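The values are calculated or read from the model by the stated rules, or taken from the named source; none is laboratory data. Owing to the predicted nature of the structure, the values given are computational and were not obtained by experimental measurement. Areas reflect the complete protein model, heavy atoms only, side chains present, ligands, DNA and RNA absent. Shrake-Rupley method; radii C 1.70, N 1.55, O 1.52, S 1.80 Å.
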Amino acid sequence: MATPTGLPAHRRNDYKASPVRRVGNHDQRRQLAIEKQREKRAALIASARSPSVDLAALSASAPDEPYGSPFSPSSDDEPSFSHPTTAVEDGGPVIVMLPDAATTPGRASKPKRRKSPFANQIMYAEEADLADLPRDLLDGTTYVARAPIPRGKRCLAVTAPNASGNTTQVALHSRVSGRTLLRFPSTSLPPSTVLDVILPSDYSTTGLLYVLDILQWHKQNVGSCDVEMRCWWLTSNIPPLPAPPAPSVFTHPTHLVPVPSLPTTALADVLAPASERDGILLYVREASYEAGSTPLALWVPAVKVEDFARSVGLLVPTAGEGEAVINMET
């Protein structure tokens, strides 16, 4: 049974009632998560000379699986900006410190397929609870907004050198299982780069691939940086979108588009209804990128944007008419 938000009832209940994930109010969970990240960041700096996993080699050797289309029905089709479908331990900056897959001890059984190193590496936000919104949400100093979030399939993009040496090979991996969805060449991305991306269903006509976040750039761990640094890195290193190409059919994405980043004081600029908008993401400024669900990010799905705006004072009803107008005094 689905709820008014369009989510299955059992997943909707998980947002509200899980005693493990929802300890205290949001401000308390956020502060605990920030302190935990600070400790992990210090440990990461202390172990900076430890060998890291060669992601390019992992991605290049990952077998392609029969999938038909990146948009074939799968477990990855569930909502992709809040809780994952598979439980994930809280982790620090991911990818660079990925552990080797381990075999589970126990009695002999049928050989198990080795888990993809790209499975469940996406960072998920808590869905915004309109009754428990952070008090400092709109002060412009605590949160950064990524909006509007386009509709599409959320994936992990990993690059590796091509045999020719003139381009890199981009592999899009599904966010839950890590299976390979697409492989294609790129001249704009260096090898050993890992991006959190959104593949729109109409990429074959637009050629677009939206970049939501960055974990690694040319072997450089960027996921351990704060949100503003990651946003700056994306806009500084991904070339501007050229003039729209003539109408044609694309076999793969050809143009990278960073999702806009803006201060929460400018949220009124992205509240207009849009059919292609999936929602709004709100990141704590000093948060690192980490796998799994975290209170350091809030997800406002499109169906809740107007109610969210009213809750924070950005939309108010017009007296006698019941219409919504922007309140620019907040």
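Counting only heavy atoms of the protein chains and using a 1.4 Å probe, K115 has close to 130 Å² of accessible surface.
Each Cα pair of segment 156-200 feeds into the Kirkwood radius, which the Stokes-Einstein equation turns, at 4 °C and 1.567 mPa s, into a diffusion coefficient of 122 µm²/s. Seen from a random direction on average, the alpha-carbon convex hull of segment 167-236 projects onto 5.2 square nanometres. Listed cross-link partners K36/K304; K115/K219; K115/K304; K40/K153 are compared with a 25 Å cut-off, the Cα-Cα value being larger for K36/K304; K115/K304; K40/K153. Extent of segment 113-169 along its three principal axes (Cα atoms, max minus min coordinate, largest first): 53, 33, 21 Å.
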